[in-house]
1. Across region 121-171, what is the number of residues that are in contact with a Gly (Cβ under 8 Å, 6 or more places away or on another chain) and buried (at least 20 other Cβ atoms within 10 Å of the Cβ)?
2. Of the conditions (1) at pLDDT below 95; (2) part of a helix (DSSP H, G or I), residue 160 fails just one. Which one is it?
3. What are the residues in region 9-27 that are crowded, with 22+ Cβ neighbours inside 10 Å and within 22 Å of residue 115 (Cβ to Cβ), if any?
4. Where in region 1-63 are there helices (runs of 4 or more DSSP H), lying fully within it, with 3 or more residues that are among the small types (Gly, Ala, Ser)?
Amino acid sequence: MTSELSSLERAGCAALVLDADGRAKDMNPMAQKLIGEDFYLVRGRPATKDPGSDNRLRQLSSGLRSRRYASPPATPVVISRGERPWLMAEVMPLTTFGSDLFTAGGAILMLTDLKSLARPNALRLRAAFGLTAAEARLAARIASGDGITAAAIALGVSRETVRTQLSAVFAKTNTHRQAELAALVARLGLSGTADRSWSTSLGA
C-alpha cells in the first residue's frame, strides 16, 4: 500500500490509486471493505450497480491521462444505492499528496460514506440557503442518505409532501437530484452536531 493510501487510512478515508486509464492499482483497507454488490471493479475500473451512478463515476475517472499537472480536482459525484445517496467519490491528483506519480497519469479516488457522517445541521442549512423549517429538516434527511420514503416516515408527512418540499429545496440550492444535494452539503461542511432541540426550535 502506498504512503498516500496509508495516510488516508489513518485519516479515516477510503481511497484507491487509479492509473491513467482509470484502473485501480491499489486501495487501502477502508476501500476494500466497500467492495461488494453495489461497488466493485470491472477490469480494474471502479463501477457501481446503480446505472446513473456508474455513468457519473466513469465520467469522473475518465480522461486522467489528459489532465494537466496543476489542473483542479474534478467535481465530486455521489454514488446511490437504490434511491439513497451512499458514497461521495472525488478524484484528486497524486500531487495533492506530495507525489510525483501524477506525471504518469495517476490519481487518488477518495470515497466518503455519507451514512457515516453526522446528520447535516438543519439550522445551518436553513441559514445557508433560505430554506423554510420544513425544507431544512427534509434537506438534512436527504443529504444524510434518507430516501423519499424514509424521509416521509421520519418526518410524519406524505411522500407527495416530501416531493413538493424537495422540489423547493432543489430550486433554492441549485441542485437537481438527491445525490447532488448530498454532495453539496458534504462539500460545504454543513454537517455537524446541532442543538438537541433543533427539531422543535425550528418550528413548522
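1. So the first thing to find is which residues in region 121-171 are in contact with a Gly (Cβ under 8 Å, 6 or more places away or on another chain), and the list is 121, 124, 133, 147.
After this cut, where a residue has to be buried (at least 20 other Cβ atoms within 10 Å of the Cβ) as well, the list is 121.
Matching residues across region 121-171 total 1.
2. (1)
3. 14, 15, 16, 27
4. Details: elements: 3-10, 29-34, 51-61.
The qualifying helices (runs of 4 or more DSSP H) are 3-10, 51-61.
Each row is one residue, and each column tells you yes or no for (1) at pLDDT 90 or above; (2) under 18 Å from the mean Cα position of the chain (by Cα).
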site	(1), (2)
14	no, yes
18	no, no
26	yes, no
33	yes, yes
47	yes, yes
53	no, yes
59	no, yes
64	no, no
67	no, no
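The values are calculated or read from the model by the stated rules, or taken from the named source; none is laboratory data. Keep in mind that this is a model prediction, so the values were computed, not measured. Neighbour counts run over all protein chains shown; Cβ positions are idealised from the backbone, glycine included.
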